[in-house]
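A quick write-up on the structure given underneath.
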Amino acid sequence: MESDHVARNRTVWDAQAPQYVADAEKNWASNEPSWGIFGVPEAELGMLPAGLHGRRALELGCGTAYVSAWMARRGAIVTGIDLSERQLSTARRLQAEHQLSFELLQGNCEELPFASESYDFAISEYGAAIWCKPERWLREALRVLKPGGSLHFLGCSPWVHVCSPPSGALPLVETLEQPYFDQYRNDWGAEGVEFNLPISGWFRLFHELGWQVLDYLEPRPAAPSPERRHFATYAWGYRYPAEQVWKLQKPLPR
């Protein structure tokens with residue numbers, strides 16, 4: 001039986017799909033990736049590994065699939081999977097417009113429909129990284145990666161939860177509003193259900209599942225400004241971590 005958060009998040013993203021069309025069109029038209037709510041350049045974060053040509057790459061929670069498009073243009077053999085059929089409809093239209101073909105599937109990243117050890121690289125930007133139970137999607141990502149394969153994912157910093165007022169009002173504030181250590185399932189009502197952990201909890205989970213941690217980054221906008229992007233202003237994100245990047249690897253057999 002499907003988990004309640006999966007059904008709710010699908011409904012939320014089907015309803016919100018029209019709001020993301022403009023960003024999708026902009027990102028599909030660009031060959032220079034930028035990441036997260038503040039558009040941090042690829043040169044700073046290195047979210048896409050060198051040498052993607054001919055490698056099998058998987059985007060987990062692809063949405064409108066612009067990240068998949070960036071990988072396909074680098075010669076990867078790409079699959080994108082997402083809960084929302086309406087988001088995937090935007091992705092398919094943009095595939096046709098940009099004459100770029102790769103596999104798109106509607107599905108749940110907590111139960112991937114792929115064979116074990118079938119991908120070289122996996123990535124998630126605000127997809128499975130925040131909308132799926134971490135112990136489930138990370139176990140599945142580990143299963144479908146080949147030994148030595150890597151996973152890069154970007155999502156909210158745990159400090160987003162801490163600095164979110166109980167009322168749910170945004171943008172983030174500069175006071176401690178929620179407990180840091182107890183966070184796991186963050187229910188935003190009509191905005192869906194997100195998941196996060198304290199940083200020590202992420203390390204513990206990676207160790208339990210068998211991941212090797214390669215790097216941890218906290219993306220930061222280039223300069224502070226009062227402009228708001230989604231849940232935070234540039235000024236807030238310049239002073240405090242709004243996002244996190246984890247780079248993991250599936251160990252080679254000994």
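The values are calculated or read from the model by the stated rules, or taken from the named source; none is laboratory data. This one's a predicted model, so the numbers in the text were calculated from it and none came from an experiment. Every residue, glycine as well, gets a Cβ built from its backbone with ideal geometry; the counts of neighbours run over all protein chains shown.
If only residues of the range 1-22 that are among the charged types (D, E, K, R) and more than 16 Å from the chain's Cα centre (by Cα) are counted, the one that is farthest from R74 (Cα to Cα) is D4.
For S89, the requirement of being over 27 Å from E218 (Cα atoms) and at pLDDT 95 or above is met. Of all residues in the range 101-115, one or more are charged (D, E, K, R) and either in contact (Cβ under 8 Å) with a residue 60 or more places away in the chain or in contact with a His (Cβ under 6 Å, 6 or more places away or on another chain) (or both). A single entry from G75, G107 fulfils the requirement of being touching a strand residue (DSSP E or B) at 6+ places or on another chain (Cβ under 9 Å) and surrounded by fewer than 17 Cβ atoms within 10 Å (Cβ to Cβ): G107. If only one of E25, E44 is under 22 Å from P219 (Cα atoms) and either modelled with pLDDT under 95 or more than 16 Å from the chain's Cα centre (by Cα) (or both), which one is it? From the options E25, E44, the qualifying one is E44.
Close Cβ contacts (under 9 Å, 6 or more residues apart or on different chains) running from residues in the range 227-238 that are touching a residue at least 12 places away in the same chain (Cβ under 8 Å) to residues that are among the basic types (K, R) comprise Y234/R228; W236/R228; G237/R220; G237/R229; Y238/R220.
Applying the criterion of being among the acidic types (D, E) and out of contact with any strand residue (DSSP E or B) (no Cβ under 7 Å at 6 or more places or on another chain) to the residues of the range 133-190, the residue that is farthest from C109 (Cα to Cα) is E174. Pairs are defined by a Cβ separation below 9 Å, a sequence spacing of at least 6 or placement on different chains, a first member in the range 24-46 that is among the β-branched types (V, I, T), and a second member that is part of a helix (DSSP H, G or I); the pairs so defined are I37/G237. Which ones in the range 53-66 are closer than 17 Å to H152 by Cα and without any contact (Cβ under 8 Å) to a residue 60 or more places away in the chain? Within the range 53-66, A65, Y66 meet the criteria. Restricting the range 224-254 to residues that are hydrophobic (A, V, I, L, M, F, W, C) and more than 21 Å from Y180 (Cβ to Cβ) leaves a set whose member that is surrounded by the fewest Cβ atoms within 10 Å (Cβ to Cβ) is L252. Please go through the range 61-105 and give me each residue that is touching a helix residue (DSSP H, G or I) at 6+ places or on another chain (Cβ under 6 Å) and among the β-branched types (V, I, T), ordered by number. Once the filter is applied, which keeps residues that are touching a helix residue (DSSP H, G or I) at 6+ places or on another chain (Cβ under 6 Å) and among the β-branched types (V, I, T), the range 61-105 yields T64, V78, T90.
Under the condition of being surrounded by fewer than 24 Cβ atoms within 10 Å (Cβ to Cβ) and in contact (Cβ under 8 Å) with a residue 40 or more places away in the chain, the residues counted in the range 131-148 number 9.
Picking from residues in the range 174-202 that are surrounded by 13 or more Cβ atoms within 10 Å (Cβ to Cβ) and β-branched (V, I, T), the one that is farthest from W13 (Cα to Cα) is I199.
Does A69 satisfy being out of contact with any Leu (no Cβ under 7 Å at 6 or more places or on another chain) and either assigned to a helix (DSSP H, G or I) or touching a residue at least 40 places away in the same chain (Cβ under 8 Å) (or both)? Answer is no for this residue.
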